[in-house]
1. So for chain A, averaging the separation of alpha carbon pairs under 8 Å that are six or more residues apart and normalising by length, what relative contact order in percent results?
2. Once the Cβ-Cβ distance between A:THR206 and B:LYS35 is put in as r, and R0 is 30 Å, what FRET efficiency do you end up with, to the nearest 0.05?
3. Quote the charge dipole size of chain A about the Cα centre in Debye, to the nearest 20; the model charges only the Cβ of Lys and Arg (+1) and of Asp and Glu (-1).
4. If you bin every alpha carbon distance in the stretch A:239-367 into 5 Å steps from zero, what whole percent lands in each bin?
5. Using only Cα atoms, tell me the angle between helix A:74-84 and the longest principal axis of chain A; keep it within 0 to 90° and round to the nearest 10.
6. Sort out for me the Cα centre separation of the stretch B:1-56 from the stretch A:81-102, rounded to whole Å.
7. How far apart, in nm, are the 7 Å Cα→Cβ label points at A:GLU362 and A:LEU268?
8. Rounded, prolate or oblate: which one fits chain B, using the alpha carbon gyration tensor with axes a ≥ b ≥ c (rounded when a/c is under 1.5, else prolate when a/b beats b/c, else oblate)?
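What follows draws every value from the coordinates through simple rules; no lab data is involved. None of these values were measured; they are calculated from a predicted model. Cβ sites come from the backbone with ideal geometry, for glycine too, and all protein chains shown count toward neighbours.
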Amino acid sequence: MVNTYFDNAATSFPKPRTVAERMYTYISELGGTYGRSAYKRVIQTSEIVETTRDKLAEQLGVSNSEKIVFSFNATCALNTIIFGFNLHDCHVLISPLEHNAVVRPLEYLRQKHNISYEILPHYPDGLIDTQKIKNFLRKETRLVIVNHQSNVNGCIQPIAEIKRQIGSIPILVDLAQSLGHTEIKIDNWNIDFAAFTGHKGLLGPTGIGGFFVNKPDCLEPLLFGGTGSRSESLEMPAFMPDKFEAGTPNIAGIFGLLGALENPQSNLYGSEHFTDFMIEIEKIPYIKCYKAIDPITQGPLFSINHNDYNCSRFADALFTRFQIETRSGLHCAPLAHRTLGTFPLGTVRIALSPFHTPEDLEYLLESLKQMKTL
Amino acid sequence: MSHLIALFSTTRNAMKAQKLCKQSGLTCRTIPVPKDLSSECGIALEFDFSDDQKVKKLFNEERIEADFHYAS
């Protein structure tokens, strides 16, 4: 059967079987909370939570798991970092392909706390021009934020080189789209903050994500509440990871995420299939492709538009005629669309999964070839 | 004194210590943090007093922070 789901940048589907199995075990058989008590059920569940944290650290290239904090998704993680870093009366640099999960908090801070934000120098596909970064640094620049892999054209940014160029200025990397698809080396790249989600490239369930913070002392918590530690105090504990984990975590989600991390999926399609597939799409005369200029910086998603129809009409026709599921519009990234010249009309996004086969790509390609008129 | 009780600042540290003890063949029991020792609502580990030195040596080597108390 053909896999017609090409909306994996919104959320991945299908998931490895073990995701549902782990979640079922927690909900139907094990139960129990994280910490807070000492009976066997709690110990077993808490062990799973900490094993998941360790596995995530491994996946992120982090040697100290205590610097990994669970949150509900990448948006929650990004907000915790952006608001927790106490930005006011300062300058922030961002990539030209940022998502609203970054730009909306910054816009709020611009209006309420007198910050300014500016877009880093870049090429037409949004790839940051690292040679020009230093010209944009100011003495009041307090943070640089970079979307590692664009959720619109799949362009992957050179994080290690960007960090080298900005020196001691902290960097926040949004890993929402790249984690699970691209190798991440947080320690080696000297990253200060990174936000991620579990339900996209990692193939876990929704509602579970998190962040990495290298120096927790520089960040205030966003949420305050019970942690099962220092309960006599009315203040949040200062130690990790409790400082940022108020309230009962999404334990079922953590179980599911472990199910995904234990069963990493290799792509069923080869890189040569993907390259050929994109070349063939670009040959279709009525389709325009939005992708990375250099194939080396291309992640497994990109956008397309039809010359004669708008993106919503195009996406609707893809589904009604061929059952192909895509996302049309601005993808919550108006800034990225402005950079790519597709604002305000948007694009149709094609986002692959490791479960796609060369036959699935062929089906999509052949469908597109039959869409001269809708 | 018949027992050594180890208290931890976080659930993570308690789980880490418990796993380590299991791997090292040290018998321990997870108990709620005794109210006469702390107002915390977390997990503590209880050891037989005869393992006192072994436990402390192991935690020291593995850099696990714990507050030790004795109970009868």
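1. On the way: 742 pairs, mean separation 92.3, N = 374.
Relative contact order of chain A: 25 percent.
2. That gives a FRET efficiency of 0.15.
3. For chain A, the charge dipole is close to 620 debye.
4. Once binned at 5 Å, the Cα pair distances of the stretch A:239-367 give 2, 8, 15, 18, 16, 13, 10, 8, 5, 3, 1, 0.
5. Relative to chain A, helix A:74-84 is tipped by roughly 50 degrees.
6. The distance from the Cα centre of the stretch B:1-56 to that of the stretch A:81-102 comes to 42 Å.
7. 1.4 nm
8. Because a/c hits 1.5 or more and a/b fails to exceed b/c, chain B counts as oblate.
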